[in-house]
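What follows is a short report on a single structure.
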Amino acid sequence: MIIIGGSGKQKEEIMNAGLQSPLEQTILNVMYNSNFNYSFRTLEALFFEVRFRVAITESSRELYYSGVQFADFYRSHCNPMFWQLLPDGAFQLKMGVPASEAVLDIYRNGRLYAFECATAMIIILYRAAIKMIPPQQFNRLFANIRLWGWKFDQDLQIVHNIPPDYLPGDIRYVKNPDVNPLTPEWQGENVVDLGDGTFFGHGLGFRPLQGMIEALALRRRPGATRMPYLMLPATRPGFSYLYQFTYNRTEDSRKIILFDKSLKRSTLSIEDYENNQDEFIKNFITVRFPKP
Amino acid sequence: MNPSLSLETIRKTEGIKRLEKHVFELIQHDKKLTATHLNDESLTYSTLYILSSTIRENGMIKYLSDRNKVALAIQQDILAKERTPSAPFPYSICDLPQFVHSVLRWMVETGSVDKLNARYRLVIDRSAGLLTTIYQDPTDIPLVSDLLFKRKEDDHSTHYLTCAYFSSRNFSSLLPIGEKLQSPSQKQVAFASELLHFVTGLDESTDRYAYFRSWYEENLPYLSPNENNYEMTAELSPYVVDYFAKYKEQRSTQSFERHEDLTFQSLSEDLKENLADFSYKLRRKSREEWKEWMKRPLDAQIRLIEEVQHDHYRR
């Protein structure tokens, strides 16, 4: 069931308002047919989550085709123009580099990068966030990112639990309990649900669940008795939290705030500000963008 | 070249390059004497690792002791580029399991002090992983725990080693970590606290070590391995307290299966923990009172806990 602003909405009404692609409709159908109440303040907030989920699946495919390689933390590597490789295999954003450009570089120069599957998931989430959030907002939110497994930036507001429904764009985990101790990087695989019956896992590519299980089974220790299996929890970014950083805000909240020498506050539109930017910078002590 | 100098002495006093040159010259001079030096009981694995290319390139493998042959085979296996699908062990791990165990232990014991490079760390960490995952010998736990803290001290990755350490599924693996709560090094204390983050109330306690010991003694019979995985979350919880077992005074099983009844299962985690703790304390105080309390319905049990806690806070 989908609740918008406190009241139920018809599926057709939502679809006509702007959700057209088959994957968007799949997500909407799961939400609509669920016993769980999916509540959103506005229709835009629902669209944001649905489109963010689609962006996660797209970012997974793009990562695969970028040429990035799989490597454990001992053999991780990255483009030193954007990232500093730390002794524990983490990538630290270099000082002065916009986070959005550094994340995009992973996709542009994939061959310069190698990392583990959990790090890949975080990169996918960041890439999807870049598709959904304006770059200046993204760079402010993720100014000091470090890529290393699930040691995520707090501003992704990751949620990890057993959800009422599984949706495309969810990150799931296939555990390999009897992994070969010589290849612990295959103790399980983080996978993105692509919504078409297949999953993406960094290092294993695109496969249905059974394919993931079989691939991991080959990485078990000799004499293993337990097969890999899909775990129940799902991992998602905090969609409703991230929504507040999108373009889709009211005109008022997008206004520029100015303070004169006596700290008197006034506001004006971005367009007016841009037309006379030099003048404003000269005459006002502080010019700041409002906090979203 | 002084043929009587031990290889360890040369490495420590003159460095790696000089050692390689010395061994190369010694091989040209006397292969058997070189083998005697290499097979010396006091040789460390790090020295063998440094010399592994020289040994191979000069056909010295056949002169090596079984310990060194197995160590080099393990090293080669760990550093192999392609392992999957399930490459067989190139050495006879099934024929000589105890011998391989002793070699792995020697590699970690004598090799963990040196850093050398990432490939070397990989060999040591994987060997430690084999000890805890395959052999699961409790006497290896302190050795691997020391290595884990050393890696953290040096800012190197502890990820796989932590997973391997806890995959021993031996609850006593928590003890060497708890000991580090008394360390004079703040970094070690912080890492120990991070690894023990699942111990409720540890961070708030004034004496963390004493708190951990009392928590361990109280909860040991009710600990069970957690299905959770380091690859899936930012923090690893290798073991969890089975609140139902603690509440009912059942010994926890090593399996993932839980025998909770449905009513208990439906309670919040906080309430489960509260019930389990109260039940434990009550039966320690008076078994008769505990039996009486257990006969009551669950909501009456919870009411009594609330009354007792209310009285406690009022006092």
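The values are calculated or read from the model by the stated rules, or taken from the named source; none is laboratory data. As the structure is a prediction and not an experimental result, all values here were calculated from the model. Methodologically, a virtual Cβ is constructed for each residue, glycine included, from the backbone with ideal geometry; neighbour enumeration extends over all protein chains shown. Side chains included, ligands, DNA and RNA excluded: accessible areas come from the protein's heavy atoms. Shrake-Rupley method; radii C 1.70, N 1.55, O 1.52, S 1.80 Å.
Structure data summary
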{"item": "Matching residues in the stretch B:39-67 - criterion: being of a type in the set (A, V, I, L, M) and farther than 18 Å from B:Asp125 by Cα", "result": "B:Leu43, B:Leu51, B:Ile55, B:Met60, B:Ile61, B:Leu64"}
{"item": "Those helices (runs of 4 or more DSSP H) lying entirely in the stretch B:118-227 with at least 3 residues at pLDDT below 90 and touching a Lys or Arg at 6+ places or on another chain (Cβ under 7 Å)", "result": "none"}
{"item": "Candidates A:Pro208, A:Pro228, A:Pro163 - the one that is modelled with pLDDT of 95 or more and open to solvent by 10 Å² or more (accessible area, probe 1.4 Å)", "result": "A:Pro208"}
{"item": "Odd one out for B:Ile141 among (1) open to solvent by less than 20 Å² (accessible area, probe 1.4 Å); (2) aliphatic (A, V, I, L, M); (3) within 14 Å of chain A (Cβ to nearest Cβ)", "result": "(3)"}
{"item": "Residues that are open to solvent by 10 Å² or more (accessible area, probe 1.4 Å) and part of a helix (DSSP H, G or I), drawn from the stretch A:79-126", "result": "A:Glu101, A:Leu104, A:Tyr107, A:Arg108, A:Arg111, A:Leu112"}
{"item": "Selection from the stretch A:4-42 of residues that are out of contact with any helix residue (DSSP H, G or I) (no Cβ under 7 Å at 6 or more places or on another chain), surrounded by 17 or more Cβ atoms within 10 Å (Cβ to Cβ) and either without any contact (Cβ under 8 Å) to a residue 60 or more places away in the chain or small (Gly, Ala, Ser) (or both)", "result": "A:Lys9"}
{"item": "The stretch A:178-201 residues that are farther than 30 Å from B:Ile124 by Cα and charged (D, E, K, R), paired with ones that are surrounded by fewer than 22 Cβ atoms within 10 Å (Cβ to Cβ) and modelled with pLDDT of 95 or more (beta carbon under 7 Å, 6 or more apart)", "result": "A:Asp193/A:Tyr166; A:Asp193/A:Pro168; A:Asp193/A:Asp170; A:Asp193/A:Arg172"}
{"item": "Checking A:Cys117 against (1) within 14 Å of chain B (Cβ to nearest Cβ); (2) in contact with a Pro (Cβ under 8 Å, 6 or more places away or on another chain), the condition it does not meet", "result": "(2)"}
{"item": "Yes/no for A:Asp170 being in contact with an Asp or Glu (Cβ under 8 Å, 6 or more places away or on another chain) and either of a type outside the set (Phe, Trp, Tyr) or more than 11 Å from chain B (Cβ to nearest Cβ) (or both)", "result": "yes"}
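Matching residues to (1) part of a helix (DSSP H, G or I); (2) open to solvent by 30 Å² or more (accessible area, probe 1.4 Å); (3) small (Gly, Ala, Ser); (4) in contact (Cβ under 8 Å) with a residue 40 or more places away in the chain:
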site: B:Ile27; (1), (2), (3), (4): yes, no, no, no
site: B:Lys32; (1), (2), (3), (4): yes, yes, no, no
site: B:Gly59; (1), (2), (3), (4): no, yes, yes, no
site: B:Arg67; (1), (2), (3), (4): yes, yes, no, no
site: B:Ala71; (1), (2), (3), (4): yes, no, yes, no
